[in-house]
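See below for the structure under consideration.
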Amino acid sequence: MATALKKKWIWLLWLMLNLVLGSYYAWGLIKEEKSLYLPGETTSGHYQIELACDACHGETFAGTDALQKACVKCHGAELKEVDDSHPKSKFTDPRNADRTAILDARTCLTCHKEHAPQSTHTMGVTLPDDFCAYCHSKIEKDRPSHKGMAFDTCANAGCHNFHDNKALYEDFLVKHMDEPETFETAQIPQRNFMVFYEDYSKRKDLSIAPLAKSDAKFPGTVSVAAEIIDQWATTSHAKRGVNCEACHKGAEPNTPVAAWSDKPSELTCKSCHELELTGFYAGKHGMRLAQMLPPMQVSEARQIMNTEETHDALSCSSCHGAHEYSTQTAAVDSCMNCHKDDHTLAYKKSKHFELLQQELNGRVQQGSGVSCATCHLPRVQQKHKGIERIVVQHNQNRNLRPNEKMIREVCMNCHGLGFSIDALADPKLIANNFQGKPGKHIESIQMAKIREIEQAKKKALEKQNQ
Amino acid sequence: MKFTPFKAQLAALALTSSALAVVMSGCSNSTASTGISPQVMADSLHAVMAADRTVYTKKVVNRLVKEDKVIKASEHWQDDKALPLPAQMFRFGAELVAEKGAPFSYSLLSLWPINKQNAPKTDAEKEGLEYIKDNPGENFYKEEVLGGTKYFTAVYPDPAVAPACVDCHNDHKDTPKSDFKIGDIMGGVVIRIPLS
């Protein structure tokens, strides 16, 4: 009798337990926030959007193909742009079937698994460090200089990357082998937004005549502080005829054109700053907004940040100011308000900052100073609607990892290739914001130079014998 | 039943449609039943590839680089603001075809490759490139199994058609052969069609 009662209790307990567990997970399905279902910590590249499950998995969790499509949707264009050294077509080619059997890089997921913190290391790679050796273990046959090099040194020694080798390929090293540490003509490119805006304003029939404070146009029902008008009057917006209503009555999706908006979103900026917004959405400042998630807040970042500085919405105006729209503020002060890592804190002691101060004081020519944005939001050449533009790349993560991506479009505006490679290979120098000389020397240029000489000698001998 | 002109027209239309449907389905059946052999398909693909490759080499690269001397051709054509080399042009096409998911694949290989990745690798490639070198004017066909899939593999001779080909290959620092002449077989186009 007592045993039967005990059995009943066990069954009842089992039932209750199931009900509680079932209800708990069912609630997770119903509520909007899905963190309950995250199978493991997400990588630094994706953690901001980890709650937009369908951004990677698709609406139906359709499997590997859907995941691969999602990878390509966000990262495909950039891989094409950098002339990916290991494109998918290399691994779908039947003649490489033996290699694909070892490393199936037809899909990104082979090397970059998500929600796998225990095996994730630099650049979101989840394979052991010796993956280059899977296919290139016999490299010394073609390159005797590589004999005896450790299996993990290909990608870790500043010489090669799996995807982006635009600043590291042999002929590029040879072409730039004798460059000085710093060029006499060191200068960063100048933006040419007006090349675009003059054309745009003509097409849209907009006046670009400068506006004064008295020209500020806003509805009588809206109260505007004098300070705001003062700020606006100093901006490029006012100088190029962009009045209050251009932004506050901008046509946002689902908003009547004529409606006044007190706080226009970043979509308003898009009509004139489309390229900038595309970059912003792709980087860590805007990727949440791109996925229709609430904007990123400083306190949620994984980097070392100023936790007291919490933005209500990380949007264009967070860095540029709501009405100042200062590119100068956005290039240094806005960054330093939030970022508090060693590299950022050391910036104001650096030669780069000193040059910027000299430029702002008119002691050196324009383009000589180096701000945070010079390196992290660089001015890049882009063709836009048939116009060659120098535009600020607002995806500040684009050239960060591997950091050799920064060499061509940033460092080499002012520094020689060899110096740039060495500087970026020295973590201590990066941490103190480049105060001093590189403590590391990467041999790649020297190796390429020696090979160039040897091959030329061989060639000359062959010609002689013919 | 009264047979009005309208009904007659309708009947005629129906008859014509049926006849057309029969003819069309007959055509389609006949195509399906006849099919084309892997060799005919490979030969046809190669005819197009070889024609495009020759046109690009002779009428674009050789003319602009060697004759009119208005632009360079360079392996680093983006950095050098130059024309892509004919071998790159061919590879870019092959990569786009692969990206589109076409079932066949093709590549340009050589016994004397500048880029070592383009040396023969599979047994059929090795045998095929030797065969077209030793038997001028002939193609090579073989079946091979790669990664568990059976392929019809065809190897076609790729001759030097213009001075641009021989000069560039003979002078390149990484070439294993420096005495190519116009008309020499410099390599082979390999086309693979899956059979299963």
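Some notes on this structure:
- In this structure, B:Val190 does not qualify as within 13 Å of another protein chain (Cβ to nearest Cβ), of a type outside the set (Asp, Glu) and surrounded by fewer than 18 Cβ atoms within 10 Å (Cβ to Cβ).
- Pair list, Cβ under 6 Å, 6 or more apart: the range B:52-64 residue under 14 Å from B:Ala82 (Cβ atoms) and aromatic (Phe, Trp, Tyr), other residue surrounded by fewer than 18 Cβ atoms within 10 Å (Cβ to Cβ) and modelled with pLDDT under 95: none
- Count of residues meeting criterion [open to solvent by 50 Å² or more (accessible area, probe 1.4 Å), touching a helix residue (DSSP H, G or I) at 6+ places or on another chain (Cβ under 8 Å) and modelled with pLDDT under 95] in the range A:62-85: 1
- Considering (1) touching a residue at least 40 places away in the same chain (Cβ under 8 Å); (2) open to solvent by 40 Å² or more (accessible area, probe 1.4 Å), the lone condition that A:Glu308 does not fulfil carries the number (1).
- Within the range A:208-224, not a single residue is among the hydroxyl-bearing types (Ser, Thr, Tyr) and closer than 24 Å to A:Gln393 by Cβ.
- One residue alone among A:Ala209, A:Ala238 is part of a helix (DSSP H, G or I) and either in the same structural domain as A:Glu81 (by TED's automatic domain parsing) or more than 30 Å from B:Ile114 (Cα to Cα) (or both), and that residue is A:Ala238.
- Residue in the range B:93-121 that is nearest to the other protein chains (Cβ to nearest Cβ), counting only those that are assigned to a strand (DSSP E or B) and farther than 16 Å from B:Asp52 by Cα: B:Ser105
- B:Glu138 falls short on exactly one of the conditions (1) surrounded by 14 or more Cβ atoms within 10 Å (Cβ to Cβ); (2) more than 10 Å from chain A (Cβ to nearest Cβ), and that condition is (1).
- Qualifying helices (runs of 4 or more DSSP H) (wholly inside the range A:27-121; at least 1 residues being within 30 Å of B:Pro194 (Cα to Cα) and within 14 Å of chain B (Cβ to nearest Cβ)): A:64-81, A:88-92, A:97-102
To keep it simple, each residue is scored yes or no on (1) more than 30 Å from A:Lys175 (Cα to Cα); (2) among the polar types (S, T, N, Q).
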residue	(1), (2)
B:Ser74	no, yes
B:Gly101	yes, no
B:Glu127	yes, no
B:Lys150	yes, no
B:Tyr156	yes, no
B:Ala160	no, no
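- Residue pairs meeting the criteria (Cβ under 9 Å; at least 6 apart or on separate chains; first in contact (Cβ under 8 Å) with a residue 60 or more places away in the chain, in the range A:288-299; second buried (at least 18 other Cβ atoms within 10 Å of the Cβ) and of a type in the set (D, E, K, R)): A:Met296/A:Lys284; A:Met296/A:Arg288
- A:Met123 vs. criteria under 25 Å from A:Phe434 (Cα atoms) and among the hydrophobic types (A, V, I, L, M, F, W, C): yes
- One residue stands out among those in the range A:129-148 that are in a loop (DSSP other than H, G, I, E, B), out of contact with any strand residue (DSSP E or B) (no Cβ under 9 Å at 6 or more places or on another chain) and away from chain B (no Cβ under 14 Å): the one that is surrounded by the most Cβ atoms within 10 Å (Cβ to Cβ), which is A:Cys132.
- Sub-7 Å Cβ pairs linking a first residue in the range B:66-79 that is within 14 Å of another protein chain (Cβ to nearest Cβ) and under 23 Å from B:Thr175 (Cα atoms) to a second residue that is part of a loop (DSSP other than H, G, I, E, B) and modelled with pLDDT of 95 or more, at least 6 apart or interchain, are B:Lys72/B:Asp80; B:Lys72/B:Ala82; B:Ser74/B:Asp80; B:Ser74/B:Ala82; B:Glu75/B:Leu85; B:Trp77/B:Pro84, ordered by first then second residue.
- Restricted to the range A:320-359, and to residues there that are open to solvent by less than 70 Å² (accessible area, probe 1.4 Å) and of a type in the set (Asp, Glu), the residue that is farthest from A:Lys437 (Cα to Cα) is A:Glu359.
- Those helices (runs of 4 or more DSSP H) lying entirely in the range A:403-466 with at least 3 residues under 19 Å from the mean Cα position of the chain (by Cα) and within 14 Å of chain B (Cβ to nearest Cβ): A:405-409
- For the range B:156-187, the set of residues classified as open to solvent by less than 20 Å² (accessible area, probe 1.4 Å), away from chain A (no Cβ under 14 Å) and outside any strand (DSSP E or B) consists of B:Ala160, B:Ala162, B:Ala164, listed by residue number.
- When the range A:161-198 is filtered for residues that are free of Cβ contacts under 8 Å to residues at least 40 places away in the same chain, part of a loop (DSSP other than H, G, I, E, B) and surrounded by 15 or more Cβ atoms within 10 Å (Cβ to Cβ), only A:Tyr169 remains.
- Of everything listed in (1) touching a residue at least 40 places away in the same chain (Cβ under 8 Å); (2) within 19 Å of A:Ser145 (Cα to Cα); (3) open to solvent by 50 Å² or more (accessible area, probe 1.4 Å), the single unmet condition for A:Asn432 is (2).
The values are calculated or read from the model by the stated rules, or taken from the named source; none is laboratory data. Here the structure is a predicted model, which means the values were calculated and not measured. Glycine gets a Cβ as well: all are built from the backbone with ideal geometry, and neighbour counts include every protein chain shown. When the accessible area is computed, the model is the full protein with side chains, heavy atoms only, and any ligands, DNA or RNA have been set aside. Shrake-Rupley method; radii C 1.70, N 1.55, O 1.52, S 1.80 Å.
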